Amino acid sequence: MDYETLRERMVAEQLAGRDITDEKVLDVFKKIPRHLFVPAAFEKNAYADYPLPIGEEQTISQPYIVALMTQLLRLTGKEKVLEIGTGSGYQTAALAELAREVYSIERFEDLAVNAKNILAKLGYTNIKIKTGDGTLGWAEQAPFDRIIVTAAAGAIPKTLLEQLKDPGLLVIPLGETFSQVLTVAHKSNNKIDLERICGCVFVPLVGKHA
Ligand code: SAM
């Protein structure tokens, strides 16, 4: 398989062909080898326009949604980012390319270990991953300039809003089990404003403050 060609086509058709306009984001998705983040049985589908199973009944999200969430975070290279739901580690890699440092929490140990191994193999040194309940946040490392939650919640966990810097941005899918709205929470002057972006479907956020 010529993964480089598939990756370029994915970026042109699924990302730039929709509303991913940030050149830095597009460049990052041209670079990250998505096929290394999926189980071998799905490698040939890695650049297709849909999510794929990664074990533990969890998924690596559709490339477009990963790119959109990345773009919505408006990263400049200086940020300390918290990610809830490491999954395969693919989104983590995109964040690590565009931010200063990334802290990522995954509730399944085997997924966290797998992601850690791939990201280390690819040479990322600005990522810390731990297994645990991400709805509790990562108090020792707070506050964060940006927080991204890659699983669906009914409401934004209060702990995460507390661990977000002011000003800061948090991206999260909010809603019911099979229908959510990708939402950006803008924190400014101790106030939270919600911006609704588009409909989406994510696996549920499971945890104490979910
Ligand atoms: N962005 C990931 C990727 O690129 O592969 C996909 C993430 S997947 C849609 C959502 C992940 O959130 C799953 O791996 C799931 O186990 C994890 N998750 C759900 N609730 C969690 C919690 N409370 N803390 C940490 N991880 C959680």
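Bear in mind these aren't lab numbers, they're just calculated from the coordinates by the rules spelled out. Since the structure is predicted, the reported quantities are computational estimates derived from the model, not experimental observations. Cβ sites come from the backbone with ideal geometry, for glycine too, and all protein chains shown count toward neighbours.
Would you calculate the separation in nanometres between label points at Leu136 and Glu57, each defined as 7 Å from the Cα along the Cα-to-beta-carbon direction?
With each label point 7 Å from Cα toward Cβ, the separation is 2.3 nm.
For the range 131-210, run through the GluC sites (Glu not before Pro) and keep only the ones in DSSP coil with at most 15 other Cβ atoms within 10 Å of their Cβ. Numbers along the way, then the final one.
Values: sites: Glu140, Glu162, Glu176, Glu195; in loops: Glu176.
Qualifying residues, ordered by number: Glu176.
HN-Hα J couplings of the range 44-61 from phi, Karplus 6.51/-1.76/1.60, θ = phi - 60°, integer Hz, Gly and Pro as x?
6, 9, 4, 9, 7, 8, 7, x, 9, x, 10, x, 6, 6, 10, 9, 8, 5
Find out how many positive minus negative residues lie around Pro157, taking Lys and Arg as positive, Asp and Glu as negative, among other residues whose Cβ is under 11 Å from that of Pro157. Kindly include the intermediate steps, with their values, before the conclusion.
On the way: positive: Lys158, Lys208; negative: Asp133, Glu162.
Once positives and negatives cancel, what remains is 0.
At a Cα cut-off below 12 Å, give the aspartates and glutamates reachable from Lys116, other chains included and same-chain residues fewer than 8 away excluded.
Qualifying aspartates and glutamates at Cα under 12 Å: Glu106.
Is the range 168-210 rounded, prolate or oblate when judged by the Cα gyration tensor, a ≥ b ≥ c being the square roots of its eigenvalues, rounded requiring a/c under 1.5 and prolate requiring a/b larger than b/c? Don't skip to the answer; put the middle values down first.
Numbers: a/c = 3.13, a/b = 1.51, b/c = 2.07.
Verdict is oblate for the range 168-210.
Would you work out the charge dipole size for the chain about its Cα centre, treating the Cβ of every Lys and Arg as +1 and the Cβ of every Asp and Glu as -1, and quote it to the nearest 20 debye? List each step's numbers first, then the result.
On the way: 24 positive and 27 negative charges, 82 e Å.
Here the chain has a charge dipole of around 400 debye.
I need to check one value: relative contact order of the range 3-200, counting alpha carbon pairs closer than 8 Å and at least 6 residues apart, in percent.
Working: 388 pairs, mean separation 27.9, N = 198.
This gives 14 percent for the range 3-200.
Let me have the 222 nm mean residue ellipticity of the chain computed from DSSP H runs of 4+ only, each contributing -39500 (n - 2.57), with the sum over all residues rounded to the nearest 500.
Numbers: 6 runs with 54 residues, N = 210.
Value at 222 nm, helices only, nearest 500: -7500 deg cm²/dmol.
To the nearest 20 debye, what charge dipole does the range 52-99 have about its Cα centre, counting +1 at the Cβ of each Lys and Arg and -1 at the Cβ of each Asp and Glu?
For the range 52-99, the charge dipole is close to 280 debye.
Full extension from His209 to Arg74: what is 0.36 nm times the residue separation minus their Cα-Cα distance, to one decimal in nm? Could the numbers behind the result be given before it?
Values: separation 135, 0.36 × 135 = 48.60 nm, distance 2.61 nm.
Extra length available between His209 and Arg74 comes to 46.0 nm.
What relative contact order, as a whole-number percentage, does the range 1-52 give when Cα pairs under 8 Å and 6 or more residues apart are counted?
Details: 33 pairs, mean separation 20.0, N = 52.
Result for the range 1-52 is 38 percent.
Bin by bin, in steps of 10 Å, what percent of the Cα pairs in the range 4-71 do you find, going until the bin that has the longest distance?
22, 56, 20, 1
Express in whole angstrom the spacing between the alpha-carbon centres of the range 149-210 and the range 1-39.
First find each Cα centre; the distance between them is then 25 Å.
Could you compute how fast the range 3-200 diffuses translationally, taking Rh as the Kirkwood radius over C-alpha pairs and applying Stokes-Einstein at 4 °C with viscosity 1.567 mPa s? Give it in µm² per second.
Numbers: Rh = 16.7 Å.
Rounded, D is 77 µm²/s.
If packing is taken as the mean number of other Cβ atoms within 10 Å per residue, what is the order of 97-106, 196-205, highest first? Spell out each step's value before the answer.
Numbers: 97-106: 22.6, 196-205: 16.3.
The most tightly packed comes first, giving 97-106, 196-205.
Kindly provide the pair-distance distribution of the range 107-207 built from C-alpha pairs, with 10 Å bins from 0 and whole-percent values in order of increasing distance.
Bins of 10 Å from zero give 15, 40, 36, 9, 0 percent of pairs.
Ranking request for peptides 77-84, 163-170, 52-59: highest mean number of other beta-carbon atoms within 10 Å first, then the rest in descending order.
Order by mean packing, descending: 77-84, 163-170, 52-59.
Going down the table (Lys30/Lys128; Lys80/Lys165; Lys78/Lys191), which pairs top 18 Å between alpha carbons?
Details: Lys30/Lys128 23 Å; Lys80/Lys165 10 Å; Lys78/Lys191 23 Å.
Going by Cα-Cα distance, Lys30/Lys128; Lys78/Lys191 fall outside the 18 Å limit.
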